[in-house]
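What follows is a set of notes on a single structure, which appears directly below.
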Amino acid sequence: MTRLTIATVVALLAFCGGALAQTPAPALAPALKASVTVTSDIVRIGDLVENAGPVADVPIFRAPDLGTTGAVATDRIIDAIQAHQLIGIDTRGLANVMVTRASRAIPPREITDRIAQALAGQYGFGDAHNILVNLDGGIRTLQVEPTATGELQVVALAYDPRSMRFDVTLNLPDSVALRQQGIRYTGSAIETVDAIAVDRTVARGEVLKPSDLTVMRRPKAESGTVLTDLGATAGLAARRELHPGQPLVAADVMKPQIVQRNDTVTIVYEAPGVTLTLRGQAQDAGALGDTIAVVNTESKRVVQAVVSGTDRVTVGPINVTQVVDNSSSTSE
């Protein structure tokens, strides 16, 4: 047996290594995808099959509608591909492939906001955020191409202030889908204002806390007596039982009563250099600043006094003789 020299072995290895390096890697087998998302209106072989090779760009199905998903049966996919000589597809045991059409969603709020913006400053309307738009027949989310990134544009607008009805046509220049549909809406639009309401049942006489109050929108035409200032309403008391969902009006609230009928109160007379204090009994309930009738418990005379604090009332010089008559007093 002929011995190989080291140089010969090295030369053979180099030759074999070069030959191995030139051997092409085996092609990966085509296989179905479980789910795909497409951006055009057609589905190509490469969208559904991994390693589809030269036929990857061949269209075979129509894509679902924008923003929707459809299931394509595996058997149907295989039948459609066979004509293009792609065989040996690994189905991975899938019964269906889920195909989703990508889209940009335009929600109802964006549509009504655009209509309100178009009406703002016209037909007697004020700011857009105060305009309530209601569309006939409800409204659904619009689905457009993901490449349509512009804003909705108003092509035509008509409004009748007497009936508060509008007719508007919108467009999105970048969207072929919307140009084909022609976006037209009819409905009503009214101007609204903030109205204060309670978010729980409030008992008569209970003082309203900020956490008890919420803001709702009401037609501007009905806002004559509706309370609109959240800060000014907090701290007032309920004149009657209040219920959620009903806007508050001025007659629903009052300043909180800090003196109740038949309460024992301190009657105070103050003048320059003189302060008189007496005991009395309130004949009426009253809030801070209210004028109520008070009985001087010593003289039994009734005086008119202003509620000046909790269980405290103040009288002026006009009533002082009635207050101190036959009563004990303190002078300072």
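We did not get these values from a lab; they are worked out from the coordinates using the rules stated. Computed from a prediction, not measured in an experiment: that's the story for all the values here. When we count neighbours, we look across all protein chains shown, and the Cβ atoms used for this are built from the backbone with ideal geometry, even at glycine.
What is the diffusion coefficient of the stretch 103-253 in µm²/s, taking the Kirkwood radius over Cα pairs and the Stokes-Einstein relation at 4 °C with a viscosity of 1.567 mPa s? Don't skip to the end; give the middle numbers.
Numbers: Rh = 17.7 Å.
D = 73 µm²/s.
From the alpha carbon gyration tensor of the stretch 68-109, can you work out the equivalent ellipsoid semi-axes (sqrt of 5 times each eigenvalue) and give them in Å, largest to smallest? Could you put the intermediate results ahead of the total?
Details: eigenvalues 189, 26, 12 Å².
Its equivalent ellipsoid spans semi-axes of 31, 11, 8 Å.
Report, to the nearest 10°, how far helix 6-21 tilts away from the longest principal axis of the Cα atoms in the chain, using its own Cα long axis and a range of 0 to 90°.
Its long axis makes an angle of about 60 degrees.
What does the charge count around residue 156 come to, taking other residues whose C-beta lies under 14 Å from its C-beta (Lys +1, Arg +1, Asp -1, Glu -1)?
On the way: positive: 114, 184; negative: 167.
Neighbourhood net charge equals +1.
May I ask for the angle, rounded to the nearest 10°, between helix 108-119 and the longest principal axis of the chain, with both axes built from Cα atoms and the value confined to 0 to 90°?
Its long axis makes an angle of about 60 degrees.
Lys/Arg Cβ at +1, Asp/Glu Cβ at -1, dipole of the chain taken about the Cα centre: which of 68, 280, 58 is farthest positive-ward?
Checking the options against the dipole of the chain, the answer is 58.
Please list the equivalent ellipsoid semi-axes of the chain, computed as the square roots of five times the alpha-carbon gyration tensor eigenvalues, in descending order and whole angstrom. Could the numbers behind the result be given before it?
Values: eigenvalues 1475, 204, 57 Å².
The equivalent ellipsoid of the chain has semi-axes of 86, 32, 17 Å.
What do you get for Rg/Rh over the stretch 215-318 if you use C-alpha atoms and the Kirkwood form of Rh? Working shown, then result.
Numbers: Rg = 18.2 Å, Rh = 15.8 Å.
When Rh is taken as the Kirkwood radius, the ratio is 1.15.
With an 8 Å Cα cut-off and a minimum separation of 6 or more residues, compute the relative contact order for the stretch 103-253 in percent.
On the way: 299 pairs, mean separation 28.7, N = 151.
It comes to 19 percent, rounded to a whole number.
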